[in-house]
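Have a look at the structure below, then the notes.
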Amino acid sequence: MSHVMNTYARLPVAFVRGQGVWLYDEAGKQYLDALAGIAVNTLGYAHPRLVRALTEQIGRVIHTSNLFQIPLQEQAADRIAAITGLDEVFFCNSGLEANEAAIKVARKYGHERGIAEPAIIVMEKAFHGRSLATLSATGSRKVQAGFEPLVQGFVRVPLNDLEAVRQVAERNKNVVAVFVEPIQGEGGINVSRLEYLRGLKEICDRNEWLFMSDEVQCGLGRTGKWFVYQHAGIQPDVVPLAKGLGSGVPVGACVVGGRAKGVFKPGNHGSTFGGNPLAMCAVVTTLDTMKEEDLLANALKVGDAIREGLVAALAGQAGVVEARGMGMMIGVELDRPCGDIVKTALARGLLVNVTADSVIRLLPPLVMSEVEGRQVVERLAPIVREFLEQSPVPAATRAAAAR
Ligand SMILES: *Cc1c(COP(=O)(O)O)cnc(C)c1O
């Protein structure tokens, strides 16, 4: 019996090594990875530059402490400030920690402005993590159920609905921030309209709220720009990062600027591991390699080609609701639950994920080539077609067809 706590429904495969966008299991079988460990492995597997940098760093020093100077942390923060357009970086170890820091920043910002019970506007179907505060901010009952009482101070509205935000602004004077995941990942690749993001920013400016953009999954080059808010041409005050930031080494960051600059002072927040030399080496190397290999442009080109390839290959196929996304953040929504597709794909040497029950999610490593992108389409499209032809049509669709 396994002593690993039973919190995951794991697939029956273990990968023992990887190269580029390919993984190999214990029997030597090869898998094309269109998931990147859930948007984590930015540079794919065994990228020579990352391997060399990390190996050398491990030989020098892995961890010291934030009680001391950490020059690599300075370097990583400089690079993150440059790409975000923000000013201060707090380093932690995961996405929920980055979001937890963001929530604390918002509350402290409120208290400084004389608001004793600050509230944060959050979105339906958003995912922000599984700590008590971040699961309370998350718009999913499945994530929250069983962990009540929830943390208070969140007001929920639908995504892409500015009027709902305006109404909250009218009646709730405790609001201090809007927290938005501009492309919802776990929620099913739900894309914010750029007009909506600009409108949100305007409301934030008018009310002196913080604009907080959770780019833990969608950020860091995946959509062809460093961050989704840059597509909208706006500048947030708080940007939590994690997943792809260290290309597999656990690291998160809460980046602040604008109205949030200077809110945290010595003693307000901390992390034992946060920003340690090993993680910072991974950040610096990941970001430098992304620039040198032009991976933002690659993410846009190959990602869009995969999405368009899937649209073309699945055209006219009953049961496909929509293929959507931006760059290497791709969702194919079907009209029925499709979790079984993950197993079929695995058997045929392709790694994908299904989220929100009926959305096939692709988050490839940013180093995926055009040829490999085509292989993703060639492997996935027949699996989707076969699945839709063999699986029962959902009741809702049958009813609609009968009308
Ligand atoms: C994954 C994710 C998180 C949580 O990150 P962890 O590292 O699992 O804590 C938070 N926000 C978004 C948008 C995510 O995709």
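The values are calculated or read from the model by the stated rules, or taken from the named source; none is laboratory data. Quick caveat: nothing in here was measured; it's all calculated off a predicted structure. Here Cβ is always computed from backbone atoms with ideal geometry, including for glycine, and neighbour counts include all displayed protein chains. All accessible areas refer to the heavy atoms of the entire protein, side chains included, with ligands and DNA or RNA removed. Shrake-Rupley method; radii C 1.70, N 1.55, O 1.52, S 1.80 Å.
A simple spin-label model places the labels of D335 and E386 2.2 nm from each other, with each point 7 Å out along Cα-to-Cβ. Hydropathy at least 0.5 by Kyte-Doolittle, axial extent at least 15 angstrom from the Cα trace: which helices of the chain, defined as entire DSSP H runs, fit? The answer, listed by residue number, is 277-292, 295-313.
Sorted by mean Cβ packing within 10 Å, highest first, what order do the peptides 313-319, 92-98 take?
Output ranking for 313-319, 92-98: 92-98, 313-319.
Would you mind counting up the charge near A356? Only other residues with Cβ under 9 Å from its Cβ, with Lys and Arg at +1 and Asp and Glu at -1. Could you put the intermediate results ahead of the total?
Working: positive: K125, R361; negative: E186, E333, D357.
Charge balance in the 9 Å sphere: -1.
Can you figure out the FRET efficiency of V151 with E74, using R₀ = 45 Å and their beta-carbon distance, to the nearest 0.05? All intermediate terms of the calculation are to be shown ahead of the outcome.
Values: r = 33 Å, r/R0 = 0.74.
According to the calculation, E is roughly 0.85.
Within the same chain, lysines fewer than 8 places from K243 are excluded, and of the rest, those with a Cα less than 21 Å from its Cα are K104, K125, K225, K291.
Evaluate E = 1/(1 + (r/R0)^6) for N6 and V61, where r is the Cβ-Cβ distance and R0 equals 30 Å; express this FRET efficiency to the nearest 0.05. Once the sixth-power term is evaluated, E becomes 0.25.
Residue pairs exceeding 19 angstrom between C-alpha atoms, taken from K29/K301; K201/K301; K108/K261: K29/K301; K201/K301. In the assembled protein chains, E333 presents an accessible area of approximately 50 Å² (probe radius 1.4 Å).
What 222 nm value per residue comes from the helices of the chain, counting each DSSP H run with n ≥ 4 as -39,500 (n - 2.57) and dividing by all residues, nearest 500 deg cm²/dmol?
Working: 14 runs with 159 residues, N = 403.
That calculation yields -12000 deg cm²/dmol at 222 nm.
Can you tell me what the convex hull of the Cα atoms of region 49-292 projects to on average, as an area in nm²? Numbers along the way, then the final one.
Working: hull surface 52.1 nm².
Over all viewing directions, region 49-292 projects a mean Cα-hull area of 13.0 nm².
Note: relative contact order over region 195-313, using C-alpha pairs below 8 Å and six or more positions apart, is 24 percent.
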